[in-house]
Structure formats: structure tokens, C-alpha cells
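See below for the structure under consideration.
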Amino acid sequence: MEATRQAENAASLRLVVPYIQARRAIDAAAATGSLETRLRACGLFDSETYVALNPDLDIERHGAWQHFCNEGLRERRPFTSPEIVARLLADMAAPLRAERFCLTQLAEAAFAARAKVDIAAPLRRRGTRIAVFCSSLGNFYMREIADMLAWGLLAEGIDTVQRDEMANPDEPFDLRIFVAPHEFFWLGEGREWTEVAEAAGSVLYNVEQPQTPWFCRAFPLLLKAPLVLDINLQSAAILRRAGCQVVHFMPGHLSTARYARPYPDISGIPLTRGYAFARQPYDWLEQNRLDARPIDLLFIGARAPRRDDALIRLQELADRHRFWYVYREPAAPFTGQSGAAAESGWALAQRAKIVLNLHRDWIGYFEWPRMVLQGFWQGACVVSDPGLSAPIFTPGVHYLEENLRHIVELVRWLLESEDGRDKLDRTRMAGYERASSVGSMRVALAPVLDAFAAALRI
């Protein structure tokens, strides 16, 4: 049996090495093209959309492309739409499936070889010093992502610190990683850092969806960055078409991180006051039973019409089940009681049977904060409306998908029938096992550290 597994791992590595070599060759070739060539290759720009989104411009459709290249890109104007992105992703479906397969195989092989390979050794020997930057004025989800990246690098013995827009720009680092560039270089003092985005040693970590105006803000900076990380497989592929040097990176599970540890006492979270279970210490890893989780259904996220409609339909279950949803403003830090609850979303999720992932729009982004941090890592069952896929996680196995029109029926079945509860329990356990093994931080960091070593010519 062991010999068979070793042979399978070796076969996986033989499969993915040519993929990595080909990917690097494509990246290098694309990056040498002119700006116009790179913009056309990415497939995001549409003349009619550009004119419609920028009504202050006195231009016709035929002049939109020239204006965008000469002025609009530099001004960070919006230039695409969900319809354009959807068509582009449909055209890219086959290569995206192949890339997801290869990245999954690579992750499984890296997990199998984790005890034999020291991925960070070259960076440690060099004495590499890294700073992870995140705006102090941005969405709290970005802080969670920045925390996980910094803690993951520290766990590998790499000298890493965290900074925000108020840091000293002359502080020496070998690499500066800017999480959520659409926020960092836009909010407050972050505007003063714009020129650093393209400096040697800068890494931009994109976490925004390509169909949004916020992505358009960051796009000109991403085009100039020496290296880009992207939390989403599909947007990473789009940026690669534009000639960016891109590595897909979703933060992996790290057992020592506070977001992945049991949160025994939630009595300090204002939203839970008055509930008996909030006053009872609870360690979900020690009491890993479905009936020990007092919250039946949990959703934390920004208001959006699509989400509002789904949550209204789900309200019919509220009479029989404990259904919590915490709304926040879409582009601002949390404030007040709901904010305190949201910033401890992982603590609430440890007490939830189901964590809902309802997409903001009809292009279903694989939303790492909800699906992975709040869902898989906390032992909750993730129920989502259908969306874009990600490496290593499989719908129907590690999480459940259902059309919004029928999601009420799925949730009712999961909570109220014996077969449904069994499926709920098996799915949540499978999600946690996958996230904490093949989805671990050491595995997730492997291609990132390889790219860092290449950037530093180690």
C-alpha cells in the first residue's frame, strides 16, 4: 500500500513539473509584450461598457479604447462588467479546469512530501526580511488575510513583520507584500505609496473580483508589479493573460493561528449576550459533535440585493432554528455590536452547524473568508450557491452547492431529516480534514516561496 502511494505521488510530481515550467515560460513571454498587447490579451476591456461606466467622458464608442490606453488606465477608471468577465471565463473554461487539476495534484504531492522538503530554507539562509502591508482603514477581511500570510511566513522561520500605510517607507525589506492593493493604495496615506507598487521587491496580493470597480482601481498597479499573488484561481489566470507574473495563493490552515484555534469564551461578543450558550466554555475540537453546536445557520457579509432575497426566503426556517446573519457595510471596517461579532466570525462559526456563502453577484467568487476561514477551519458545513471552483476543494464532498431558488429545501433537509444531518456531518468533517491537510499553510506557501526565491535570484 505504501509503495503504491509513493508511486502515485511520484506520478503527480512528474505531471506538475512540466506544468510549472510551461507556466513560467508563458509568464515570461507575456510580460515582454507592449502595454496595448497586454491589455488586449487580458480580455477584460469593452468599449461600450467603458463609455457607460464613465459618463463624464465626452467620447464615443470608437474612441474608448484609445482614451483608456492613454488616460483611463492611469486614472484607474472602471472598464469591465460581470457580463464581460463571465464571457471571458467561459472562453477560458478548459485551461482553467486543467490548471485546477494540476494545482490540486501539486498540493497533494507537496503534502505527501512535507516532512522531507524544507521549502523556506533558501530564504532563511539568505536572511530574507519580509513585510506584509495592509491598510488600517480597509475591510477587516483583509486584515485576516494579511495576518495569515505573515503568520505562515513566520512559522517557516522567515523574518516577517506587519505594517500599514503609516509605516516608514525607508524601512529596509527584501520583499514588501501589499495585501488588497485596491484598498491599500487608495485609502488615506496609502496613496503616498503608489510608486512603491512597481519597485523591485514589491509583491501585490490581489483579493478582489475582476468584475468590480475596485479591481479596476488596482489593475494598473498589478500590471506594473514585479510579482502578483491572487487569492482566486480565475482572476490569477486573467492577470496572467495580461502579462503579470502571478501565483495563485489561498492562505492555508495553520493550527497555531488564532483564527484556527478553539475560541472557548464568546461572552464578550455583544451579539451573544443573553444566550446561555455564550456563557458556557466550548472547545469544538474536544466536543466535535453536531448537536453541540447551538447555532443552526450563520451568515456574515455585506448587504447586496441578491443576498437580501436569499436571506428573506430562508427566514421561514427561523421559527424552528437559530438563524443568525450579521450584515456589514461593503467597503468599511466594522463598527458597533455587529462589527464586534463579525470580527470574531470564526468564533461564531465554531458554534454553527451551517455557514452560508451567498455570492454578492451572479459570478460566484470562491470567497475564502467565508468558505475556508469561517467554514472549513471551524468544522462547520459550508452551503453555497454555485460558484467558481478552487483547487483541492470539491463541491458535494467538502462543501455543498445549491441554486438560490432551492437552497431553502437543501437547508431544511440538512437540519430536519436524519439523512440530511448525516450528510451535513460528513461534509463538515470532510471539509475540515481537507483544509487541515492538503490545504495546510505549508502546502499553500510552497509555490509562493518558490516565486519569492526566484524574485530574489536565490
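The values are calculated or read from the model by the stated rules, or taken from the named source; none is laboratory data. Note that this is a predicted model, so its numbers are computed, not measured. Methodologically, a virtual Cβ is constructed for each residue, glycine included, from the backbone with ideal geometry; neighbour enumeration extends over all protein chains shown.
Odds and ends about this structure:
- Residue 237 surrounded by fewer than 24 Cβ atoms within 10 Å (Cβ to Cβ) and at pLDDT 95 or above: yes
- All conditions but one from (1) surrounded by fewer than 18 Cβ atoms within 10 Å (Cβ to Cβ); (2) more than 15 Å from residue 357 (Cβ to Cβ) apply to residue 302; the one that does not is (2).
- Subset of region 355-378 [surrounded by fewer than 23 Cβ atoms within 10 Å (Cβ to Cβ), more than 14 Å from the chain's Cα centre (by Cα) and either part of a strand (DSSP E or B) or of a type outside the set (Val, Ile, Thr) (or both)]: 360, 361, 362
- Apart from one condition, residue 157 fits all of (1) on the phi < 0 side of the Ramachandran plot; (2) part of a loop (DSSP other than H, G, I, E, B); the exception is (1).
- Restricted to region 417-458, and to residues there that are small (Gly, Ala, Ser) and touching a His at 6+ places or on another chain (Cβ under 6 Å), the residue that is nearest to residue 102 (Cα to Cα) is 439.
- Complete set of residues in region 65-97 that are assigned to a helix (DSSP H, G or I), of a type in the set (A, V, I, L, M, F, W, C) and more than 23 Å from the chain's Cα centre (by Cα): 65, 68, 69
- Where a residue in region 187-198 is free of Cβ contacts under 8 Å to residues at least 40 places away in the same chain and its partner, wherever it lies, is in a helix (DSSP H, G or I), with Cβ under 6 Å and at least six apart: 197/221; 198/224
- Lone qualifier among 88, 73, 137 - being hydrophobic (A, V, I, L, M, F, W, C), under 24 Å from residue 38 (Cβ atoms), touching a helix residue (DSSP H, G or I) at 6+ places or on another chain (Cβ under 6 Å) and touching a residue at least 12 places away in the same chain (Cβ under 8 Å): 73
- Output for region 102-116, where each listed residue is among the hydrophobic types (A, V, I, L, M, F, W, C), out of contact with any helix residue (DSSP H, G or I) (no Cβ under 6 Å at 6 or more places or on another chain) and touching a residue at least 40 places away in the same chain (Cβ under 8 Å): 103, 113
- Among the residues of this structure, residue 186 does not count as one that is in a helix (DSSP H, G or I) and in the same structural domain as residue 208 (by TED's automatic domain parsing).
- Taken residue by residue, region 159-182 has no member that is β-branched (Val, Ile, Thr), touching a Phe, Trp or Tyr at 6+ places or on another chain (Cβ under 6 Å), surrounded by fewer than 22 Cβ atoms within 10 Å (Cβ to Cβ) and in the same structural domain as residue 130 (by TED's automatic domain parsing).
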